[in-house]
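Novice: One structure is given below, represented as structure tokens, and several questions about it will come after.
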Amino acid sequence: MTATGFLSVFAPAFALGGPVLLGLAGLLRRRDRATTPTLHPVWDWKLILASMLLYALCFSLIFFIQELFLVLPKAFTPGLRPTLFHNNHYWDGDNPLAKLFQGTGAVATLIVAAICAYWLRRCPPRSTLWRLFAFWMVFHGCFQALPQFVVGAIFPGNDVGMAMEYLQWSAATKTVAALLAMALIVWIAVRLLRPLLALATHAEQIATPGRRNGFVFRAATLPGLLALPLILAMRVPGSLDQVAIVPVAEYVIGVAWMQAAAWFAISTRTGDATPLRSIAIPLLALIALTLVFHLVLRPGIAFY
């Protein structure tokens with residue numbers, strides 16, 4: 001079997017089967033039913049709705065950053081005339097560097113994710129709202145970029161795949177990059193659980209595997225699912241790959257690993273963030289960004 005054939009089989013099995021197996025392992029190891037009294041789950045709908053709005057907002061911000069940094073290098077490259085849209089970018093002209101610059105978007109989103117991760121770890125905001133914002137910026141910055149290395153190793157026509165072709169990466173190098181990206185996907189998903197669980201108001205809410213699973217579902221999995229229609233509304237009209245595939249695939253890959261790993265015993269401080277008072281700020285921000293996407297970016301902005 002060729003390296004491409006191996007990845008074509010292994011990557012989907014990893015993305016879909018890995019979280020299922022990890023979740024089943026956690027289910028089999030649960031001890032809280034017999035040793036811990038049942039705690040009625042707290043359905044904090046203000047947190048759920050704020051997380052939903054910020055999931056959609058941060059997805060679109062990260063996607064805009066990616067497309068912007070796909071366009072900017074081309075704008076300064078002789079012979080290329082790029083145009084930025086709300087769900088894609090396009091360029092006229094020809095220059096060999098265009099293929100290389102198809103990888104700059106993923107690099108930019110990873111840099112933004114690293115900055116937000118540093119912010120979240122070293123000087124976390126006191127506000128629950130800003131913590132959620134930083135959390136989802138890290139999530140989307142990583143999970144919009146890393147799968148591209150896997151896809152690029154299989155299909156040279158995708159953004160990162162074009163950059164790999166320009167750099168003349170061998171099949172072995174592409175395979176190693178794809179496997180490293182998959183390992184990072186799992187590692188980052190697990191690492192993101194700590195700041196997410198820290199949003200709990202009391203330690204009892206996340207004291208057992210079952211409670212942690214419930215909290216992750218209410219704070220991330222359900223909000224992410226509810227946010228998908230909002231994201232799709234910002235990206236229409238367009239082809240299926242421009243509108244739906246990226247947000248759905250990112251949700252399945254990233255959120256599934258977080259939910260599956262929630263049974264791990266993760267120590268974190270709770271109750272030190274100021275509670276949510278209103279969802280008005282993320283709601284207004286999302287409305288404003290939607291208007292920018294459709295009124296400004298949808299017709300296209302020429303960078304030449």
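We did not get these values from a lab; they are worked out from the coordinates using the rules stated. Please read these numbers as outputs of a predicted model, since none were measured by experiment. Positions of Cβ are generated from backbone atoms using ideal geometry, with glycine treated the same way; all protein chains shown enter the neighbour counts.
Novice: Under a Cβ-only charge scheme (Lys and Arg +1, Asp and Glu -1), can you give me the dipole magnitude of the stretch 43-302 about the Cα centre, in debye to the nearest 20?
Specialist: 760
Novice: In addition: Once Lys and Arg get +1 and Asp and Glu get -1 on their Cβ, which of 120, 87, 197 lies farthest toward the positive end of the dipole of the chain?
Specialist: Farthest towards the positive pole: 197.
Novice: Another question about this same structure. Normalising by the residue count of the stretch 46-125, find the relative contact order in percent from Cα pairs under 8 Å and 6+ residues apart.
Specialist: Details: 60 pairs, mean separation 21.4, N = 80.
Relative contact order of the stretch 46-125: 27 percent.
Novice: Please report the antiparallel percentage of the DSSP beta bridges confined to the chain, to the nearest 5.
Specialist: Numbers: 7 of 8 bridges.
Once the DSSP bridges in the chain are tallied, antiparallel ones form about 90 percent.
Novice: Can you give the Rg to Rh ratio of the stretch 49-101, both from alpha-carbon atoms, with Rh computed by the Kirkwood formula?
Specialist: 1.16
Novice: Just from the alpha-carbon atoms, what are the Rg and Dmax of the chain in angstroms?
Specialist: 20.2, 69
Novice: Which of the lysines could a cross-linker bridge to residue 174, judged by Cα under 29 Å and excluding same-chain residues fewer than eight apart?
Specialist: Filter leaves 74, 99.
Novice: Here is a follow-up. Could you work out the helix-only [θ] at 222 nm for the chain, with each DSSP H run of four or more residues adding -39,500 (n - 2.57) and the total divided by the number of residues, to the nearest 500 deg cm²/dmol?
Specialist: Value at 222 nm, helices only: -18500 deg cm²/dmol.
Novice: Which net charge results when you count Lys and Arg as +1 and Asp and Glu as -1 among the other residues whose beta-carbon is under 10 Å from that of residue 304?
Specialist: Local net charge: +1.
Novice: I would also like to ask the following. Taking the Cβ of residue 52 as the centre, find all other residues whose Cβ is under 12 Å away and add up their charges (Lys, Arg: +1; Asp, Glu: -1).
Specialist: +2
Novice: In vacuum, with every alpha carbon of the stretch 138-227 counted as one equal point scatterer, what does the Debye formula give for log10 I(q)/I(0) at q = 0.19 Å⁻¹? Two decimals, please.
Specialist: Taking Cα atoms of the stretch 138-227 as identical point scatterers yields -0.85.
Novice: Write down Rg/Rh for the stretch 213-276, rounded to two decimals, with Rg from the C-alpha atoms and Rh from the Kirkwood relation over Cα pairs.
Specialist: My calculation puts Rg/Rh at 1.10.
Novice: Relative contact order (percent) for the chain, with alpha-carbon contacts under 8 angstrom and 6 or more residues of separation?
Specialist: The value is 31 percent.
Novice: Which value results when the Cα radius of gyration for the stretch 94-150 is divided by 2.2 N^0.38 Å?
Specialist: 1.40
Novice: Moving on to the next point. Place the peptides 61-68, 222-229, 234-241 in order of packing, highest mean first, counting for every residue the other Cβ atoms within 10 Å and averaging per peptide. Please list the in-between numbers first.
Specialist: On the way: 61-68: 21.2, 222-229: 18.5, 234-241: 14.4.
Put in order of decreasing packing, that is 61-68, 222-229, 234-241.
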